[in-house]
Amino acid sequence: MSKYRVSGRGRIDTSRPVSFTFDGKRIKGAKGDTVASALLANGIHLMGRSFKYHRPRGAVAAGSEEPNALIGTRRGPGRFEPNTRATVQEIWEGLETNSQNKFPSLKFDVGAVNDAAYMMFSAGFYYKTFMWPRSFWDKVYEPFIRAAAGLGVSPKEEDPDTYASRNAFCDVLVIGSGPAGLAAARAAAVEGLKVVLVDENAEAGGTLLSEPQAVIDGKPAWDWLSSELAALKAAGVKIMTRTTAIAYYHQNLIGLVEKLSDHLEVLPQDTPRERLWRMRAKQVVLAQGALEKPLVFHGNDRPGVMLAGSAQTYLNRYGVLVGTSPAVVTSHDSAWFSAFDLADAGAKVQAIVDTRSEIRQELLDGAKSRGIRVLAGYTATGTEGRLRVKSVRVNPMQSGKVGAPETISCDALLMSGGWTPSLHLFSHTQGKLAWDDDRTTFLPDYTPEDCVIAGAGRGLWGIAAALADGAEKGQQAVEALGRSAIAAVPAVKNDRTGTGVSHKELPTDLSPGKAKAFVDYQNDVTAKDLRLAVREGMKSIEHVKRYTTNGMATDQGKMSNINGLNIASDALGRKQPQVGLTTFRPPYTPTTFGAFAGYHRGGHFEVTRKTRIDSWAAENGAVFEPVSQWRRAWYFPKAGETMDQAVARECAATRSSVGIFDASTLGKIEVVGPDAVEFMNRMYTNPWTKLGVNRCRYGLLLGDDGFIRDDGVIGRMGQDKFHVTTTTGGAARVLNMMEDYLQTEWPDLNVWLTSTTEQWSTIALNGPNAAKLLAPLVEGVELTEEAFPHMSCVECTVAGMPARLFRVSFTGEIGFEVNVPAPMGRQLWETLWKAGEQYGITAYGTETMHVLRAEKGYIIVGQDTDGTVTPDDAGMAWAIGKAKPDFVGKRGLARPDLTAKGRKQLVGLLTEDGSKLEEGAQIVFDPAQPVPMKMVGHVTSSYDTGTTGRPIALALVEGGHDRMGETVHIPMPDRTIAAKITGTVFYDPENAKLKI
Amino acid sequence: MTAHANILTPGTLADTAAARVTVTAAPGRLSLRARGELGAIEGALGLSLPGKIGGRSQDNGIEALCLGPDEWVLLTAPENVASVVAAAAAVYDAHPHSLVDVSARETTVAIDGPRVLDLLCLGMARDPESIAEGEGRRTLFDGQTVLLWRDGATKFRMDVWHSFAPHLLGLLEIGCRELAAETL
């Protein structure tokens, strides 16, 4: 066993050795180790290179707040994660880990030249350096910044792991399982209440895991902890470890990320890697404790310099001495106890250096009995050692002056700048904080959520205080639920209470301008950077933060916020609360994209709606396109056909014989009730009163602004019953709009709306042979011009199936739409297909549908309109029932802007050179005008392969209706295309083809 | 008639120690909208309509679930749909209402098993325990509108429009496996 592994200490299982690799080297640890504890047990402090200066770095903490020891972890192909905190990742046999931000090796890194040139990389470096010349931005600066940005390597392979999410509900959620959380959960574990206790660590216990010396209720802390956990489980409390409360959303919805398999050697079947819990808790107790702050002095980032409390954790929880001859620099009592623990475990503590001159006698006695030298009233001014600290430089402070330096040799330097209550989740609740001058920190004040905060999270110190406060807060949560609880507070012996002071950067006798005194380790921000930012005019902490990037790394300033604030407030000469605290935002710790995506990946990424005829299209080689949530058959290429060839064939076949099209995705709404016709009159622009039963009409729907929102053919199936169709994408929107009007404006109308989109499969037959094909299959109506003229509808039987048959055309040919109960759709399709073989029936997709309708000048809402087009703009003033007293949009249409001359109007365009225009291309009147030209419209629809023998286009052009025959110009990157303005109907303007 | 088997064809989709998901044969399904004194309609249907949203009633071969202040869904045997429609039509003049046949609109899945409440929590933000046995709700599952019928402590039915069903069934299948692999 290495000299750094202390036998008999820690909670790891040394009888179960585990080995893993770090940068290819095999490292031995034990079951229960993290990567960091195992490396430290092997005397390895150097774990990474810093982001900006590539400085050698080691673990500074032992928990999730770690800013330095970020590694890549790998478990075979695809299972690679960058920036994993070595202090959190548990080891398992075969785990591969790698250090980051180094080339060619961790010990010798070329990028470290940045460190030598550190004077260049000061605050605002990017803003200043990359300002000019402007032309350098795209080719030089941006690629450089992008290459330099980011730590670690993005995974390139697809992640084979699965991720899960689940909703959950509880009465009391306790976040953090240290003494305060345990006591709160115990108090809340009242009969009938659902209590959940979560902790981000692999084990519950929090501080107790690092303080085994405490005696609680007469039991050693760890014995008490296991009996307490057993008692909680027996009382029905759900205890979730490896579960981080990442975010506190509105109304007590807490996001919890549970890591299920990252610690396992063998991945269990059907088990996700992580699960995001959306926990809705009636009451929340935040018991997240406090995080230790570093001291800010030159060289405080050298490997081996770490937080004293973390060193204590490595010893007591993992059985690791971080050094055999450590020194301590502190401004808080807590580090003294760390020193004592390390000394008691066999380390030769070189000195305890305290910035305070007055020290509690109990601590001085403790040091004396262990033979530890005490330097009170001292400052730290530097460290030495290339890849690991080998000494610390300290100076006495006398009446504000820094005295002569002394160098103390050490192989680890334990520091403590005091403790910061963990207020992240409290801040997510929009909670207000109050500055506590005595403790130089923010404390929780008011929160609008049903939430209380207990223990060190609100500035209390010591196990007894945390237990008592947790019990009280747990009780409070129970009482808020209208129940009563009796919380017993356990007695504590060997508690370690204490206080401390908070500092800005420590005083030095060296040039402060050359000091590399780090405040934010992860973003390499120094005290000097913060002062420079203030000198350059940043007055608010929000500006200082963005200028220096202090607190902007993935650790969100867990260690740096208060130190940064203290320095900025000192530089500004204003109190901390006047300088402000930056906002904490979710997630609390870095969270995988997988956890957020959950099940929504691959085939389950998003709903893909398919019609009941989709399977036929798939079997018959259709190419699909997405239309809102639906996938629709786009075209049906035959072997060797291009899209243009397929579409040309489908168009020609439909115009010459018969085409079949799946129109099932059209929205359908059944409007029923005595006031149905009145409702239709009010919703649509068209008049409906005189529309006979079994007749249908094209309906145009506006918003109240007068602009076109939707359209569709509407059939009157009965006196009080309409079959409304909407666009595919508009179905849900139109129904919502109608319900809005019905429920808020016209609740007096006796009419009801039912979505029948998916009740029906809808098949369109179009072409000169459509009636001939269909007639023999229809019972109940003769498909003649007399008995069933264009724009008729009827309930009948088609191929033995109950049907609603419409005679409508979106192609200009004789057209029918057959609606049958949805599951019968494919059966009807196949029946029609067989019956159509004698006519050479051709299946067509949405592209052919688009071409054929454009040739007839039929608009597609959302393509030829964009929310700014009135019926008149679209050439559809005929659809407005002018005699109607009102309809949605009538008043809007009367606005002066909507009746003004020169509005963009829908016209046809024919190019002079016979080329196809690009949809979206801008239009100008005068191509010779200087750039930027005045744009007067754009191409909305354009097709190459139709049946008119030449490309056609629709466009919105200023005053277009009055410009028939004029030439407009469409500037393209390589040339300018001239086109003649025409009407929008390119095919059969007399509608002769509609007749049977 | 060619049968086109797919995920919506009745049959068991997933059956694990945690839960079982079965696509059932589609019942006759009607959307009823009406307000005011409902006596005439109730008389025609031979069923008293539940007045509380989420409440259910059953009589005369019809099962009703109240979805809104003027909205019910009625389930009956497919062969009864025509007679129910005819009976309601007979009282339309006396009590105008809307009764629309939506039998062809939806897929129904039966979900049961010891972990069924957890399975529902995979996709539903509502606490399934808030739906009493013998009640039902219109809610969202995996982002899609569904009707959820609680028939017993660990027995549910879920109705969803056909085109959303494959997506939703996909999650239920994943969930059955995931829950079965869990050690509690």
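Return the FRET efficiency for the residue pair A:Thr554, A:Asp270: r is the Cβ-Cβ distance, R0 is 30 Å, and the value is rounded to the nearest 0.05.
My answer for the efficiency is 0.45.
Run the numbers for A:Asn694 and A:Gln863: contour at 0.36 nm per residue of separation, minus the present Cα-Cα distance, in nm.
Contour length minus Cα-Cα distance gives 57.8 nm.
In whole Hz, with x marking every Gly and Pro, tabulate ³J(HN,Hα) for the range A:946-963 from phi via Karplus 6.51 cos²θ - 1.76 cosθ + 1.60, θ = phi - 60°.
Whole-Hz 3J(HN,Hα) from phi for the range A:946-963: x, 10, 9, x, 7, x, 10, 8, 10, 8, 9, 10, 3, x, x, 4, 9, 10.
Tell me which trypsin sites (Lys or Arg not before Pro) from the range A:879-942 have a DSSP coil assignment and no more than 13 other beta carbons within 10 Å of their own.
Sites meeting the loop and neighbour criteria: A:Lys882, A:Lys901, A:Lys934.
What 222 nm value per residue comes from the helices of the protein assembly as shown, counting each DSSP H run with n ≥ 4 as -39,500 (n - 2.57) and dividing by all residues, nearest 500 deg cm²/dmol?
-6000 deg cm²/dmol
Would you please give the residues with an amide H less than 5 Å from that of A:Thr982, counting only those at least 5 places away or on a separate chain, with H modeled from the backbone geometry?
Excluding prolines and chain starts, which carry no amide H, the hits are A:Gly908, A:Leu909, A:Leu910, A:Gly965.
Grab the beta carbon distance between A:Ala404 and A:Asp437, set R0 = 35 Å, and tell me the FRET efficiency rounded to 0.05.
0.55
Which distance in nm do the two modelled labels at A:Arg360 and A:Arg891 give, with both placed 7 Å along the Cα-to-Cβ direction?
My value for the distance between the label points is 7.3 nm.
For the range B:12-23, take each phi angle, set θ = phi - 60°, evaluate the Karplus expression 6.51 cos²θ - 1.76 cosθ + 1.60, and give the result in whole Hz per residue in order, putting x for glycine and proline.
So the Karplus estimates, Gly and Pro as x, are 7, 8, 8, 8, 10, 4, 8, 6, 10, 10, 10, 6 Hz.
Among A:Asp720, A:Asp469, which comes first, second and so on when ranked by fewest other beta-carbon atoms within 10 Å?
Fewest to most other Cβ atoms nearby, the residues stand as A:Asp720, A:Asp469.
Going by C-beta contacts inside 10 Å, put A:Asp115, A:Asp270, A:Asp886 in order with the fewest on the left.
Lowest count first: A:Asp886, A:Asp270, A:Asp115.
List every residue whose amide H lies under 5 Å from the amide H of A:Ser942, counting only residues 5 or more places away in sequence or on a different chain, with H placed 1.01 Å from N in the peptide plane.
Here the answer is A:Leu954, since their amide H atoms fall under 5 Å of that of A:Ser942.
Full-extension gain between A:Ser7 and A:Glu782, please, as 0.36 nm times their residue separation minus the C-alpha to C-alpha distance.
Fully extending the segment from A:Ser7 to A:Glu782 adds 269.3 nm.
Taking a cut-off of 25 Å between Cα atoms, list the lysines near A:Lys993, but don't count ones fewer than 8 places away on the same chain.
List returned: A:Lys772, A:Lys834, A:Lys856.
Take every Cα pair under 8 Å in the range A:517-582 that's 6+ residues apart, average their separations, divide by the length, and report that relative contact order as a whole percent.
It comes to 35 percent, rounded to a whole number.
Using Cα pairs closer than 8 Å and at least 6 residues apart in sequence, work out the relative contact order for chain A, in percent.
9 percent
How would A:Leu749, A:Leu209, B:Leu67, A:Leu917 line up from fewest to most surrounding beta-carbon atoms within 10 angstrom?
A:Leu749, B:Leu67, A:Leu209, A:Leu917
Could you tell me what percent of the DSSP beta bridges with both partners in chain A are antiparallel, to the nearest 5?
75 percent
Please report, ordered by residue number, every helix of chain A (full DSSP H runs) that is 24 Å or longer along its axis going by C-alpha atoms and whose mean Kyte-Doolittle hydropathy reaches -1.0.
A:463-480
Can you list residues whose amide H is under 5 Å from A:Thr441's amide H, if they're 5+ apart or on another chain and H is modeled 1.01 Å from N?
A:Asp436
With axes computed from alpha carbons, what is the tilt in degrees of helix B:81-90 against the longest principal axis of chain B, rounded to the nearest 10 within 0 to 90?
30 degrees
Which whole number gives the average, over all residues in B:102-114, of C-beta atoms from other chains lying within 10 Å of the residue C-beta?
If you average over the peptide's residues, the count of other-chain Cβ atoms is 3.
By its C-alpha gyration tensor, with a ≥ b ≥ c as the square roots of the eigenvalues, how is the range A:819-954 shaped: rounded for a/c under 1.5, else prolate for a/b larger than b/c, else oblate?
Oblate, since a/c reaches 1.5 and b/c is not below a/b.
So which trypsin sites (Lys or Arg not before Pro) in the range A:36-128 end up in coil per DSSP with only 16 or fewer other C-beta atoms within 10 Å?
Hits after loop and neighbour filter: A:Lys107.
Can you tell me the 0 to 90 degree angle between the C-alpha axis of helix B:165-181 and the longest principal axis of chain B, rounded to 10?
Roughly 40 degrees, rounded to the nearest 10.
So what are the ³J(HN,Hα) numbers for the range B:64-73, from phi and the Karplus equation (6.51, -1.76, 1.60; θ = phi - 60°), rounded to whole Hz, Gly and Pro as x?
10, 10, 7, 10, x, x, 9, 9, 9, 10
Test of understanding: what is the full-extension gain from A:Val931 to A:Arg373, defined as 0.36 nm times their sequence separation minus their Cα-Cα distance?
Net length gain for the segment: 192.9 nm.
No value in this document is a laboratory result; all are computed from the given coordinates. Remember, predicted model here, so these are calculated numbers, not experimental data. Reconstructed Cβ throughout: ideal geometry from the backbone, glycine too, with neighbour counts over all protein chains shown.
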